[in-house]
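*Asks:* Quick one: structure below, then a few questions.
The values are calculated or read from the model by the stated rules, or taken from the named source; none is laboratory data. Given the structure is predicted, the values throughout are model-derived calculations rather than measurements. Every residue, glycine as well, gets a Cβ built from its backbone with ideal geometry; the counts of neighbours run over all protein chains shown. Quick note on the areas: whole protein, heavy atoms, side chains included, nothing else; ligands and nucleic acids left out. Shrake-Rupley method; radii C 1.70, N 1.55, O 1.52, S 1.80 Å.
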Amino acid sequence: MQLQINGQRTHADAAPDMPLLWVLRDQLNLTGTKFGCGIAACGACTVHVDGQAVRSCVTPVSAVQGKDIRTIESLGSAEHPHALQQAWIAEQVPQCGYCQSGMLMAAAALLARTPHPTDADIDAAMSNICRCGTYQRVRAAIHRAANSPMPSPSSSATKSASSSTASPASGSAA
Amino acid sequence: MKRRTILLSALGAGSALLVGWGVAPPRSRLGSADSMLPTQGSVGLNGWIKIGEDGSVALAMPRSEMGQGVHTALAMLAAEELDIPLDKVRLEQAGPDAMYGNVAAVLAFLPFHPKQTEEGQRSATVKTAQWLTAKVGRELGLIMTGGSSSVADAWEPVRLAAASARASLAQAAAAQWQVPVGELVFKQGKISHASGKEGHFGEFAAASAKLNPGNVSPKARKDWTLIGSPAPRMDLWAKSSGSATFGLDVRLPNMVFAAVRLCPMIGGSVQSVDSAAALALPGVLKVIPLKPSHGASAGLAVVGKTTWHARQGAQALQVQWAQRPQGALDTTQAAEQLQAQLAKEEGYTFHERGTPAASQDTLSATYSAPYLGHMTMEPMNCTAWLQDGKLSVWAPAQVPEAAREAAAKAAGLPLAKVEIHITLLGGGFGRRLEVDYVVLAAQVAMALPGQPVQLTWSREEDSAHDFFRPMHVAQLQASHDGQGQVQSLQIKSAGDSISPRWMERVLPAFAGPFDAPDKTDSEGLFDLPYGFAHQKMAHVATKVGIPVGFWRSVGHSHNAFFSESFIDELAAKAGTNPLAFRQQWLQDAPRHLAVLNLAAEKAQWGKTLPEGQAQGIALHESFGSIVAQVARVSLEGGTLRVHEVFCAIDCGTVVNPAIVAQQMEGSVVFALSAALWGQVDIVQGEVQQRNFHQHHVVGMAHAPQVHTYIVPSERTPAGVGEPGVPPLAPAVANAVFALNGQRLRSLPLKA
């Protein structure tokens, strides 16, 4: 099966119903994307598919053939970090760090469609679970990145912003 | 019997031994260069510090990083003494040498009231006990990350080791340059002299290794430039780019993957298995029976080309399970058993002061807390590889040496044939103080000689086969004199003891023939700071049999809810403001009072709040630190929301205030999940809450804003990872009472 991952055509020897998560982790050794629950409840496995935040643990690989798949490994580099990665460091977000790949990918998709999210937008979009409780710093980092002058270097996050619909903002700010 | 076994039995026999490891001479934990792994071109200067050819500094790291920031904090101690930038410290996993054992954690197991261990307050008995216990702790060499003890334990030895290394390097440079040692300047990893001479550490390492640094002291507090600063954690980029390596990220050549299918009934066994359907699936390679030991459940492992194939295979297994012979475990029955034993038995008295006079005016209440799971984000996993009779293990473990010994035992190999690599931990919270997941991976690796295998548990298996925070119940009673003043406080609690069960699983060689009183049962009840004249706190140790383990802040996590809620009840009965009531009874506890007042001041205690909101306050000491929290809550349409928490802490000398703030924020969220929703039910031996849709935890939309304030202190550093947890539940429950007069006496809070 041919997949487009982080801008590269990649061959994966996978059955159609195999979740994308395990193709990434166990076949392609892209271990930045994490396994947390297996039922799309925690968000640790969040990747971008055509710019949308998708939970790869329940996404069959057949559903993403021909689509632009982006993982945390392509969000930014040490030389050219994504605005969110810079904000993550400035706000000292990570603790154990396990959920942070998913948090960053969810946040990147949010900023791509809502460049200046409100707290309610963040509550609605960021349903990832973090047991270390980094939420208030994640929130601060998203606001910081949204207000940073640096354009986001991630092509995936901006490319298909037009194709997504804004989530209803129902959460309330703490 | 081994010598250390005897020492530990003596210790476990309930002798009044104590906490605080100040008396253990840190010099005995400097170690020698042989303690560190020899690497090409590097020169070890002692058991902690090794200098590279390029002048780089390696620090032996015996503690596991699970989010609490310990790698950064310990590196800061070394960097401070050597005057090098923090990012120039390279961490190297420490070996099995006993010098890396966590003496502070061992000592903290012993039951003493904090007042007895205050500097200047210690009796001769306490001092003797300290000395003896410190010796035992060093002898044990228990390499463990837990009990919020890492910085307290490393404080003297790591600073001394780095200072000694610096002294040796200085001597070598002075000798080479023929200048007085006192004229050398250490800056940014370089040594220089006013004459223009300059060199990096690597140039003097070989010469300095032959020198005796003599009697060295760490830097004076006034000279610190790094300790006390909010230095960025060393792991920020790795954890913001997906490049940090957790247990699940270990990748080895030709590795295969395995999944577990464990007996769903706790303590049960496999009656029969039909593996045909599983083995018929594509990508499924092998089915391996798993023997229960070290707390691990009976079951099977399925090996596949990927974790997905293995998971498919595990689901396809046809297994007949059998209940445990003693009958099914059940949390409803556990609650009944606890209530019955609490009513009937006297228990072990952990603290007694004065004799309560008879009083007609009493207040009593019964509180309870359920079993709780850990739910680390990274599910249990371990990677193992049997090669040429040698087993290599990669594990995200809090107890590396116990894990290695358990792996050797499970594999039937001599200890020398087993090596362990500690990865980053995707959360620990006490779950990774266990070795069950290592034992299972070792068994799988032994069945696949030559083939590296990664064993990953599903979230459902992880939730079902946890070692839960034990259910506890407590009866609290206060009597008042004729003027309505509190005269006595009596507390009796009941619940399973954790420490003896943990010893049986993790350190079986040290487990005693009977259960000594376990401090963790009563911590947070027997050690209260309030000056009530008469106090008696006892605990009835039950043996329900549901597997119990250490859960972030352990006994304090539920006992603080019991005690600090009841203190609030006493304030209400006295018709006094909860803050003023506490202040009144803390006249002999100035540190507690200062923390309480700081939180109250920052939260503007008593200010007018929006309609439908209220504040609650709680104060608690644990792991040597004192934390007070003021929670602002509301009940919107019957839903309890915590909007904001003001948190004050006295944790002694602060190494990194930014990490302290992180830990306070994280502790509040962790504790809030438990306070609002945390509960594990076991029916017919089976855990009912198996994944995040059943085991709700706080998410972004429910996370309160936490404001952290630190009380300046020059005391020895104390705990940070756990002390923020205990006060949260009572602060929230007390706020609910302030809001609607409803007193919530059981967890989770049902407002």
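*Asks:* HN-Hα J couplings of segment B:131-146 from phi, Karplus 6.51/-1.76/1.60, θ = phi - 60°, integer Hz, Gly and Pro as x?
*Replies:* Using θ = phi - 60°, the values come out as 4, 5, 5, 4, 4, 4, x, 5, 4, 4, x, 6, 7, 8, 10, x Hz.
*Asks:* Based on the Cβ-Cβ distance of B:S123 and B:D361, what FRET efficiency does E = 1/(1 + (r/R0)^6) give at R0 = 35 Å, to the nearest 0.05?
*Replies:* It comes out at approximately 0.50.
*Asks:* Set the Förster distance to 45 Å, then compute FRET efficiency between B:K222 and A:A120 from the Cβ-Cβ distance, nearest 0.05.
*Replies:* 0.40
*Asks:* List, in the order given, every pair from B:K50/B:K210; B:K607/B:K750; B:K50/B:K190; B:K88/B:K187; A:K34/B:K390; B:K50/B:K187 whose Cα-Cα distance in the structure shown is over 23 Å.
*Replies:* B:K607/B:K750; A:K34/B:K390
*Asks:* Non-local amide H neighbours of B:E644 (under 5 Å, H modeled in plane, Pro and chain starts lacking H): which ones?
*Replies:* B:R632, B:Q705
*Asks:* For segment B:579-646, which GluC sites (Glu not before Pro) pass both filters: DSSP loop (anything but H, G, I, E, B) and at most 10 other C-beta atoms within 10 Å?
*Replies:* Details: sites: B:E601, B:E611, B:E621, B:E636, B:E644; in loops: B:E611.
Loop-located and lightly packed - B:E611.
*Asks:* Can you tell me how much longer the chain between B:A509 and B:Q688 gets when fully stretched, taken as 0.36 nm per residue apart minus their C-alpha distance, in nm with one decimal?
*Replies:* Values: separation 179, 0.36 × 179 = 64.44 nm, distance 3.35 nm.
61.1 nm is the gain from fully extending B:A509 to B:Q688.
*Asks:* For chain B, what does -39500 (n - 2.57) per DSSP helix run (n ≥ 4), summed and divided by total residues, give at 222 nm, in deg cm²/dmol to the nearest 500? Each step should come with its number before you reach the end.
*Replies:* Values: 20 runs with 228 residues, N = 751.
Roughly -9500 deg cm²/dmol at 222 nm, from the helical runs in chain B.
*Asks:* Now for a different question. From Cα coordinates alone, what are the radius of gyration and Dmax values for chain B in angstrom?
*Replies:* Taking only Cα atoms of chain B, I get Rg and Dmax of 26.6, 84 Å.
*Asks:* Segment B:151-198: which trypsin sites (Lys or Arg not before Pro) are DSSP loop and have at most 15 other beta-carbon atoms within 10 angstrom?
*Replies:* B:K197
*Asks:* Take B:A276, project a point 7 Å from its Cα along the Cβ direction, then tell me which residues of segment B:297-339 have their backbone nitrogen under 17 Å from it.
*Replies:* So the set is B:316-320.
*Asks:* Among B:A675, B:M380, B:V418, flag the residue with its Cα farthest along the positive direction of the charge dipole of chain B, charges on Cβ as +1 for Lys/Arg and -1 for Asp/Glu.
*Replies:* B:V418
*Asks:* Residue by residue through segment B:633-647, what is 3J(HN,Hα) from phi via Karplus (6.51 cos²θ - 1.76 cosθ + 1.60, θ = phi - 60°)? Round to whole Hz and write x for glycine and proline.
*Replies:* Going residue by residue, I get 10, 9, 10, 9, x, x, 9, 6, 10, 10, 8, 7, 10, 9, 10 Hz, with x marking Gly and Pro.
*Asks:* To the nearest whole percent, what portion of all C-alpha pairs in segment B:176-228 is separated by more than 18 angstrom?
*Replies:* 44 percent
*Asks:* Please list, in order, the residues from segment B:692-715 whose amide nitrogen is less than 18 Å from a point placed 7 Å along the Cα→Cβ vector of B:L609.
*Replies:* B:702-708
*Asks:* Restricting the count to DSSP beta bridges whose residues both fall in the protein assembly as shown, what percent are antiparallel, rounded to a multiple of 5?
*Replies:* 75 percent
*Asks:* At 7 Å along the Cα-to-beta-carbon direction for both B:Q587 and B:L415, put a label point, then send me their distance in nm to one decimal.
*Replies:* So the label points at B:Q587 and B:L415 sit 5.5 nm apart.
*Asks:* Compute the helix-to-body angle for A:135-146: its Cα long axis versus the longest principal axis of chain A, expressed 0 to 90° and rounded to tens.
*Replies:* 90 degrees
*Asks:* Please list, in chain and number order, the residues 5+ apart from B:T716 or on another chain whose amide H is under 5 Å from its amide H, with Hs placed from the backbone.
*Replies:* Sorted by chain and number, the residues that satisfy this are B:T653.
*Asks:* With solvent modelled as a 1.4 Å probe, how much accessible area in total do chains A and B shield from it at their shared surface, in Å² to the nearest 100?
*Replies:* It comes to approximately 4800 Å² buried between A and B.
*Asks:* Pop out the carbon and sulfur fraction of the accessible area of the protein assembly as shown as a percent, whole number, probe 1.4 Å. Please list the in-between numbers first.
*Replies:* Working: 16730 of 32390 Å².
So the carbon and sulfur contribution to the accessible surface is 52 percent.
*Asks:* Moving on to the next point. Regarding the protein assembly as shown, what are the three Cα extents along the principal axes, ordered largest first, in Å?
*Replies:* Its Cα atoms span 84, 74, 63 Å along the three principal axes.
*Asks:* Could you give log10 I(q)/I(0) at q = 0.09, 0.12, 0.15, 0.16 Å⁻¹ for chain A, computed by the Debye formula over C-alpha point scatterers of equal weight, without solvent?
*Replies:* Cα-only, vacuum Debye calculation for chain A: -0.28, -0.50, -0.79, -0.90.
*Asks:* Taking chain A as the reference, fit the longest principal axis to its C-alpha atoms, fit the long axis of helix A:100-113 to the helix C-alpha atoms, and give the angle between the two in degrees, 0 to 90, nearest 10.
*Replies:* Taking Cα atoms only, the helix is inclined about 70 degrees.
*Asks:* Taking R0 as 45 Å, what FRET efficiency do you get between B:R90 and B:K135 from their Cβ-Cβ distance, rounded to the nearest 0.05?
*Replies:* After rounding to 0.05, the efficiency reads 0.85.
*Asks:* Now for a separate question. Looking at the P(r) of segment B:360-490, how many percent of alpha-carbon pairs lie beyond 24 Å?
*Replies:* Percent of Cα pairs beyond 24 Å in segment B:360-490: 46.
*Asks:* Express in whole angstrom the spacing between the alpha-carbon centres of segment B:676-735 and segment B:569-596.
*Replies:* So the two Cα centres are separated by 24 Å.
*Asks:* Equivalent ellipsoid semi-axes for segment B:48-167, as square roots of 5 times the alpha carbon gyration tensor eigenvalues: give them largest first, rounded to whole Å.
*Replies:* 29, 15, 13
*Asks:* Related question: Give me the dipole magnitude in Debye, nearest 20, for the protein assembly as shown about the Cα centre, with unit charges on the beta carbon: positive for Lys and Arg, negative for Asp and Glu.
*Replies:* It comes to approximately 740 debye.
*Asks:* Continuing with this model, one more query. Can you work out the Karplus-derived ³J(HN,Hα) for every residue in segment B:533-542? Use 6.51 cos²θ - 1.76 cosθ + 1.60 with θ = phi - 60°, whole Hz, and x for glycine or proline.
*Replies:* Working through the residues one at a time gives 5, 10, 9, 8, 10, 10, 9, 9, 7, 9 Hz.
*Asks:* Which cross-chain or sequence-distant (5 or more) residues have an amide H under 5 Å from the amide H of B:V540, H modelled 1.01 Å from N in plane?
*Replies:* HN-HN under 5 Å from B:V540: B:Y348, B:S493, B:A494, B:G495.
*Asks:* Is it possible to state the helix-based mean residue ellipticity at 222 nm for chain A, with each DSSP H run of 4+ residues giving -39500 (n - 2.57), the sum divided by total residues, to the nearest 500 deg cm²/dmol? What is it?
*Replies:* Taking each H run of at least 4 residues, the total per residue is -7500 deg cm²/dmol.
*Asks:* Same structure again: Suppose every K and R has +1 on its Cβ and every D and E has -1 on its Cβ; what is the size of the dipole of segment B:476-625 about the Cα centre, in Debye to the nearest 20?
*Replies:* That gives a dipole near 120 debye.
*Asks:* Over segment B:187-308, how many percent of alpha carbon pairs lie in each 10 Å bin up to the one with the longest distance?
*Replies:* Going from the shortest bin to the longest, the percentages are 9, 18, 19, 15, 12, 17, 9, 1, 0.
*Asks:* Calculate how many DSSP beta bridges within segment B:548-706 are antiparallel, expressed in % of all such bridges and rounded to the nearest 5.
*Replies:* 90 percent
*Asks:* Taking 0.36 nm per residue of sequence separation and subtracting the Cα-Cα distance, how much length would be gained by fully extending the chain between B:Q333 and B:V181, in nm to one decimal?
*Replies:* On the way: separation 152, 0.36 × 152 = 54.72 nm, distance 7.12 nm.
That works out to 47.6 nm of additional length.
*Asks:* Full-extension gain between B:R743 and B:Q320, please, as 0.36 nm times their residue separation minus the C-alpha to C-alpha distance.
*Replies:* This chain segment gains 147.7 nm when fully extended.
*Asks:* log₁₀ I(q)/I(0) of segment B:497-552 at q = 0.26 Å⁻¹, via Debye over equal Cα point scatterers, no solvent, to two decimals?
*Replies:* -1.12
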